[in-house]
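Worksheet: the structure to be examined is printed underneath.
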Amino acid sequence: MGNKQTIFTPEQLDAYQDCTFFTRKEILRLFYRYRDLAPQLVPLDYTDKPDVTLPYELIGSMPELKDNPFRQRIAEVFSEDGDGNMTLDDFLDMFSVLSEMAPRDLKAYYAFKIYDFNNDDYICKSDLEKTVNKLTRNELTPEEVRLVCEKVIYEADVDNDGKLSLEDFQHMIVRAPDFLSTFHIRI
Amino acid sequence: EKDKEDESKKEDSCSQQNRASRRKNYQREQSDGKKAGEEGRWQRERGKKAPTKDQKESENKERKTTKKGKDGENKQKTDRKNSTTSASSNSSDEESLSEEELAMLMEQVEQKKKLISTMRNKPWRMVKKLSVLREAQAFVEKFEGALGKGKGKKLYAYKMMMAKKWVKFKRDFDNFKTQCIPWEMKIKEVESHFGSSVASYFIFLRWMYGVNLVLFGLIFGLVIIPEVLMGMPYGSMPRKTVPRAEQARAMDFSVLWDFEGYIKYSALFYGYYNNQRTIGWLKYRLPMAYFMVGISVFGYSLMVVIRSMARNANESTADGDDDNFIFSWKMFTSWDYLIGNPETADNKFASITTSFKESIVDEQESNKDENIHLRRFLRVLANVLIICCLCGSGYLIYFVVKRSQTFSKMQNLGWYERNEVEIVMSLLGMFCPPLFETIAALENYHPRIGLKWQLGRIFALFLGNLYTFLLALMDDVNEKLAEEDVVKNITHWTLLGQHNSSVGNGSTATPPPLDPADVPRGPCWETTVGIEFVRLTVSDILVTYITILVGDFFRACFVRFVNYCWCWDLEAGFPSYAEFDISGNVLGLVFNQGMIWMGSFYAPGLVGINVLRLLTSMYFQCWAVMSSNVPHERVFKASKSNNFYMGLLLLILFLSLLPVAYTIMSLPPSFDCGPFSGKKRMYEVIQETIELDFPLFVAKIFSYVANPGLIIPAILLMVLAIYYLNAVAEAYQRANAELKKKMQMQREEEKNKRNNKASTNTVLQDLEDLLTPSTKSECHPKQAEDRKIESPNRTSPVRKQSKAAALDGGPMTGGRGAAFNPPPHVFLTQPPTLGVWAPYPGQPRPRGHPPGPVPGRGRGQTRY
């Protein structure tokens, strides 16, 4: 407990612990992970809240993300500017939502945003196609992709508007057995 | 007051306006209503952002209370100013108000606290979270202080402080707890490289380690340590001494390696224990403890396995039905975000693609089945082959055990002859599973079903081996029992002879007492059984480790380094790297545990060996997986198969309980070794304890309880209870299925309705197109307008249709039109009330309105 760290003030740490699902130690570890991405950019002292933003290229190269087909979307959704460039706060936010302890609803909300490629608050057919192509690395033929998208919309679209709203998505995702176990990143 | 002012400043302008208006006219109800509306709007706005209902609710409440608090505050202010407009300002009111205000504040503080504790669940940006958190914290701090200063509010402040401390303590404790979970990082590492299915094996291993640690503590703490500390020392009596004939070689490694010599006569095995009723100054009842520990090992394991199975089942009930969202789930939940390794990612991409393709194919040709006869034939053939394999391996084991019995009577045996049984069993365990897999390729099952078959077959193989082994062991035991009778007499006569000779010589010179090493003794079948189990366990450990070393590590080395100078690509081609064999490993673990359960009664030290084994295999296998295995091609879900493994474990536990119970209940213990020597049956130790150590009535009660007349009704009662509970569970299941069906139907219905709307709209269009030329010109614009109005609305197709018919076909009545036109299923899907004018669609309008354009217009008016 008594190990001295001068990166954050105790109040900051407490606030971060209240705002994320992390313990003190994990927050510090995440900070070091963040700093390791660009040691020359990120100062070792966050008590005066420096305005540091890491570009997406660095965030996306993390081993936890670099093999994820949705890494760009994840970074975009969680970044303040929407381009994937992240401050430490965004970074903590991201891993907090993707942590094991985050509740299903929170995860579902962000998953929806991640799969909503064109940010129109609906997952429409083009979003679904993008998702399928990313998942299968364009291995499926266009007809197969179309069939899959149609099936997904048929299955999950409750209000029958041809696209998935957040409610549709949540309705579908809360029943998924693997959602909680797959939609998390350990760090 | 100032604080409150500040607080109020923070509020948005809307509420300030509200407040102003409230000050003027004190129409609290109205303003509340306004606020409710405003809040509703706000909530709707938030609806997008705050996904959970309770979050919204808490948020809502919090806002409300803030406002309520402000109400009170406003009142107070106006009271202080003695403003005459206030109707309710008198002193008594002020008293109650301040009370009320305090209560409100308290509630408010509570709300803020709740907000703080649920802050991390809000889907906000960190900046917003932080600022809201700061605000809430400041509020709580301030008003806690304010409340604390009040009369008799110290308790509250104290409570708050304690709550804070409690939160901190809980947080620290959680930190501590996560640190205490062993190998968490190791397993995480494996999981991130190999996916959750391989990690599930290691989690299972860790769970097993925990269970074994408890068993180890039980046995060591209650049996071995007391015996070592308080029992008679080594060499004090025959059962604790190596016989004279063996003494010369008792310390040789080859002898110790076979668990003979000094190890055989140590506290690790049953035979070492003395049948003294109480030992040491504690009067510790060791035989009793030995018996009870033996039972509680099973009891504890049973409880733990069933509890964890029930927990798993509870978790898996949330799974829901699989057939509703096949594609959606595949699309949105199949990517494992844990994957952080390019190879695993490649495999995952491949497996997702295949699973998509499989589902597409299933979807497209679900009822197309080519050459079913050939497939059936192949499946039958495969099963026949596998049954032959199983029988053959069972016979082989039996044969080998028989042979080892004859070997055991001969002298000068080689290493092979002595270890033949273990070698053969290990070889079978090594070669049969791949053979089964090869045969199973004939069957062409779906891989998941194929895996279950494979698991079942390996299980049967191991089970058959185990039971032939046990039967052979039983033969051995019976032989030993027969031998024992003979030895018993010899021992008796030897001791008697010793006694006689000492008497005959006269009492002047007492002869040297017979050395314990020289006393002839029985074969002690319990120790033999224990040694057999220990040997089997140790050889299993060695074979497992050597298999890993050779099959994984050396193979990986070979593939990696010889690849530079080889004709074909070794990494992609034939030998390739090994995959981690999850099912084989888990089954190995399960059967090993069965051995431990069976053997621990006769070899208390066996659990210690097993703990060591699990410990080393955790590190060794983690290393082997990380260094020399490649991720799976076909990753099966860990969550479901976990309970399957638990079920296997339960089966094994039950099966291993049987032989132990049999020996305890119906075989006589050896006469000169073990804690139960001298008794007819092992369980008599309980009767003895009850008779000697408990008051008389306990013995009486016990004898009543043990009466078959009571036990049989008890069993009957249990059976009835099981039957009843089963029936209840079935009823619940049926209700569940019914509900599911209803939900499904509702869903279909809704879809149908919408689809019908779409389709009937087109039907309507066609109808109109057809009928337009024939209709009167005056009806035309109205009708078009009508359609325009109605099409975006959620009107029933029926009514529209009927109306269209009514509109178009001049003489036709609406009722008849409705009866003609709509398809029958539309009646079902019709919500009962929609418009004022047509309470039930598809029927002639009851009010007797004339058919024609008028009702249509009227309806349009009522709707808008």
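Values quoted throughout were computed directly from the atomic coordinates according to the rules given, and no laboratory measurement underlies them. From a predicted model like this one, the values you see are computed outputs, not experimental measurements. No Cβ is skipped: glycine too gets one built from the backbone with ideal geometry, and neighbour counts run over all protein chains shown.
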Calculate, in nm to one decimal, what B:Ile712 and B:Ala350 gain on full extension: separation in residues at 0.36 nm each, minus their alpha carbon distance.
124.4 nm
Given a Förster radius of 56 Å and the C-beta distance between B:Glu135 and B:Arg244 as r, what FRET efficiency does 1/(1 + (r/R0)^6) yield to the nearest 0.05?
0.05
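If packing is taken as the average count of other Cβ atoms within 10 Å, what order do A:109-115, B:244-250, B:272-278 fall into, highest mean first? Please report the intermediate quantities before stating the final value.
Working: A:109-115: 21.6, B:244-250: 13.0, B:272-278: 19.3.
Listed from highest to lowest mean packing, they are A:109-115, B:272-278, B:244-250.
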Among A:Pro43, A:Ile59, A:Gly84, the residue whose Cα sits farthest towards the positive end of the charge dipole of segment A:10-98, when +1 is placed on the Cβ of each Lys and Arg and -1 on the Cβ of each Asp and Glu, is A:Ile59
Could you give log10 I(q)/I(0) at q = 0.14 Å⁻¹ for segment B:588-709, computed by the Debye formula over C-alpha point scatterers of equal weight, without solvent?
-0.86
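Extension gain B:Asn726-B:Phe654, at 0.36 nm per residue separation less the Cα-Cα distance, in nm? Walk me through the numbers on the way to the answer.
Details: separation 72, 0.36 × 72 = 25.92 nm, distance 2.07 nm.
Contour length minus Cα-Cα distance gives 23.8 nm.
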In peptide A:95-107, what is the residue-averaged number of other protein chain Cβ atoms found within 10 Å of each Cβ?
3
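What is the Å³ per residue value for the convex hull set by the Cα atoms of segment A:104-182? Each step should come with its number before you reach the end.
Working: hull volume 7.2 nm³, N = 79.
Cα convex hull per residue, to the nearest whole number: 91 Å³.
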Could you check the spin-label model distance between B:Trp493 and B:Phe694? Points 7 Å from the Cα along Cα→Cβ, value in nm.
4.3
Counted neighbours (other Cβ, 10 Å), sorted fewest up, put B:Trp257, B:Trp281 in the order B:Trp281, B:Trp257
For a bin width of 10 Å, list the pair-distance distribution of segment A:15-59 built from all Cα-Cα distances, rounded to whole %.
24, 53, 23
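Order by neighbour count: A:Lys49, B:Lys679, fewest other Cβ atoms within 10 Å first, most last.
Numbers: A:Lys49 12, B:Lys679 18.
By the 10 Å Cβ count, ascending, the order reads A:Lys49, B:Lys679.
Partner chain Cβ atoms within 10 Å, averaged over the residues of B:338-346 - can you pull that number for me?
On the way: counts 9, 5, 10, 3, 3, 1, 1, 5, 2.
The shielding value for this peptide is 4.
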Roughly how compact is segment B:708-747, stated as its Cα Rg over 2.2 N^0.38 Å to two decimals?
1.92
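Per residue and in cubic angstrom, what volume does the convex hull of the Cα atoms of segment A:1-147 have? All intermediate terms of the calculation are to be shown ahead of the outcome.
On the way: hull volume 18.2 nm³, N = 147.
Convex hull of Cα atoms, per residue: 124 Å³.
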Quick one: which residues, 5+ away or cross-chain, put their amide H under 5 Å from the amide H of B:Arg125? H built at 1.01 Å from N.
none
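Taking every residue in A:14-22, how many Cβ atoms of other protein chains lie within 10 Å of its Cβ, on average?
Details: counts 4, 9, 5, 3, 12, 11, 4, 2, 1.
Whole-number average of other-chain Cβ neighbours for A:14-22 is 6.
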Give the span of segment B:388-472's Cα atoms along each principal axis, as three whole-Å numbers ordered largest to smallest.
54, 22, 16
Under a crude label model (7 Å from the Cα following the beta-carbon direction), how far is B:Asn752 from B:Val550 in nanometres?
6.6
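How big is the charge dipole of segment A:10-98 about its Cα centre, in debye rounded to the nearest 20, if each Lys and Arg gets +1 on its Cβ and each Asp and Glu gets -1 on its Cβ? Can you show the working numbers first?
Numbers: 9 positive and 18 negative charges, 88 e Å.
That gives segment A:10-98 a dipole magnitude of about 420 debye.
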Which FRET efficiency value, to the nearest 0.05, do you get for B:Tyr158 and B:Ala572 by plugging their Cβ-Cβ distance into 1/(1 + (r/R0)^6) with R0 = 60 Å?
0.30
Can you compute the charge dipole magnitude of chain A about its Cα centre, using +1 on each Lys and Arg Cβ and -1 on each Asp and Glu Cβ, nothing else charged? Give it in debye, rounded to the nearest 20.
820
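All other residues with a Cβ under 12 Å from the Cβ of B:Lys170 taken together, and with Lys, Arg as +1 and Asp, Glu as -1, what is their net charge? All intermediate terms of the calculation are to be shown ahead of the outcome.
Details: positive: B:Lys164, B:Lys165, B:Lys168, B:Arg171, B:Lys177; negative: B:Asp172, B:Asp174.
Value of the local net charge: +3.
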Can you tell me how much longer the chain between B:Val361 and B:Cys391 gets when fully stretched, taken as 0.36 nm per residue apart minus their C-alpha distance, in nm with one decimal?
6.9 nm
7 Å from Cα along Cα→Cβ at both B:Met430 and B:Phe620: what's the point-to-point distance in nm?
1.4
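When you count, for each residue, the other Cβ atoms within 10 Å and take the mean per peptide, how do B:612-620, B:565-573 rank with the highest first?
Numbers: B:612-620: 16.8, B:565-573: 11.1.
The most tightly packed comes first, giving B:612-620, B:565-573.
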Amide H within-cut-off set for A:Leu54, under 5 Å, with H built and near neighbours excluded
A:Met86, A:Thr87
For A:174-185, B:598-609, B:431-442, B:724-735, ranked highest to lowest by mean beta-carbon neighbours within 10 Å, the order is B:598-609, A:174-185, B:431-442, B:724-735
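Within 10 Å of each candidate Cβ there may be at most 10 other Cβ atoms; applying that plus a DSSP loop requirement, which trypsin sites (Lys or Arg not before Pro) in segment B:512-609 survive? All intermediate terms of the calculation are to be shown ahead of the outcome.
Numbers: sites: B:Arg521, B:Arg535, B:Arg555, B:Arg560; in loops: B:Arg521.
Those that pass, being in a loop and sparsely packed, number zero.
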